[in-house]
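Taking it in order: structure first as structure tokens, then the write-up.
The values are calculated or read from the model by the stated rules, or taken from the named source; none is laboratory data. In this text the structure is predicted, and so the values were computed from the model without any measurement. We place every Cβ from the backbone using ideal geometry, glycine too, and count neighbours over all the protein chains shown.
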Amino acid sequence: MGGDQGQGQDRVQDGESAPNQGDGRRAVLLTGASGRIGSAFFAHARDRYRFRLTVRRPDALAGVPTAGHEVIELDIADPDACQRACAGIDTVIHLAADPSPEADFYGSLLDNNIKGTYNVFRAAKDQGCRRLIYASSVNAVVGYPAGVTVLPDQPVWPTNVYGVTKCFGEALGIYFAETEGLPIIAVRIGAYEAPWVAEDPSPETLAMFVSRRDLNHLLDRCVEVPGVTFAIVQGVSDNREKKLDLAATRALLGYEPQDDGFARYGAGGGDDRS
């Protein structure tokens, strides 16, 4: 495989401001805060930002130290509740969704991944948020054959309806960014650190691997880097082989991944790191 290459989909907005809370910390709405990615990012960044954490159940963060932050129950299928959740927020990190590739469209995906995504985007714009970071997925392009390193501006190729909902979110993002003026970064998250990755350390899986440390760093950069109106960025680690090309993400955000799924899980593979 060749090294990382290609251009990201981004637009630069000059003079973008970054309002903070009175204590100097950004007000960040983190939806899906009790999930694996959300809870890891909160633990990583709790001292840097003032979080409003959304959960579906009041006990979802039991045992998690949340002093100095706000925890609210939120059904993202409720547009009025989303408006209230986004009030007074600088940056929205929208992780809440049904993450299952086998999820039923009418039973879950329609409310959680379609209506919920629109409701959060709509509320972020209406409430004057500075930026929204959207959790897209490698499933938006997972149909490309093994061995193909996908650029952020190549056509989407989902193989399940979950992936289709992530394509919808990316398209909705460019609409809100370019037409309504809400800056959005869509992060195509790969195979996030989980037991099933260790159980199936195939080259195809490890080419999509992203570690907890690397995704936390990428989300940091998405929050902090100024001047982006719209971008699709790639959420994988510095794996020897990569499903998602990282050149444009490195250039735009200063993303510096540290981990390699092939090294971590002892699998073979060529060296795709330039």
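Values computed for the structure shown
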quantity	calculated
Single residue of Asp220, Asp238, Asp200, Asp259 found to be under 16 Å from the mean Cα position of the chain (by Cα) and among the acidic types (Asp, Glu)	Asp220
Conditions (1) of a type outside the set (Ser, Thr, Tyr); (2) within 19 Å of Glu102 (Cβ to Cβ); (3) at pLDDT 95 or above: number failed by Gly227	(2)
Yes/no for Asp23 being at pLDDT below 95 and surrounded by fewer than 13 Cβ atoms within 10 Å (Cβ to Cβ)	yes
Qualifying residue in the range 69-89 (condition: surrounded by fewer than 16 Cβ atoms within 10 Å (Cβ to Cβ), more than 17 Å from Val120 (Cα to Cα) and small (Gly, Ala, Ser))	no
From Glu193, Glu178, residue being touching a strand residue (DSSP E or B) at 6+ places or on another chain (Cβ under 9 Å) and closer than 25 Å to Gly261 by Cβ	Glu193
Spans of helices (runs of 4 or more DSSP H) in the range 78-179 with at least 1 residues over 18 Å from Arg52 (Cα atoms)	116-126, 161-175
Some residue of the range 112-126 being of a type in the set (S, T, N, Q), surrounded by 21 or more Cβ atoms within 10 Å (Cβ to Cβ) and within 19 Å of Val210 (Cβ to Cβ)	no
Within the range 88-125, tally of residues that are of a type in the set (A, V, I, L, M, F, W, C) and over 15 Å from Ser137 (Cα atoms)	8
Selected residue (criterion: surrounded by the most Cβ atoms within 10 Å (Cβ to Cβ)) from residues of the range 27-48 that are of a type in the set (Gly, Ala, Ser) and part of a loop (DSSP other than H, G, I, E, B)	Ala33
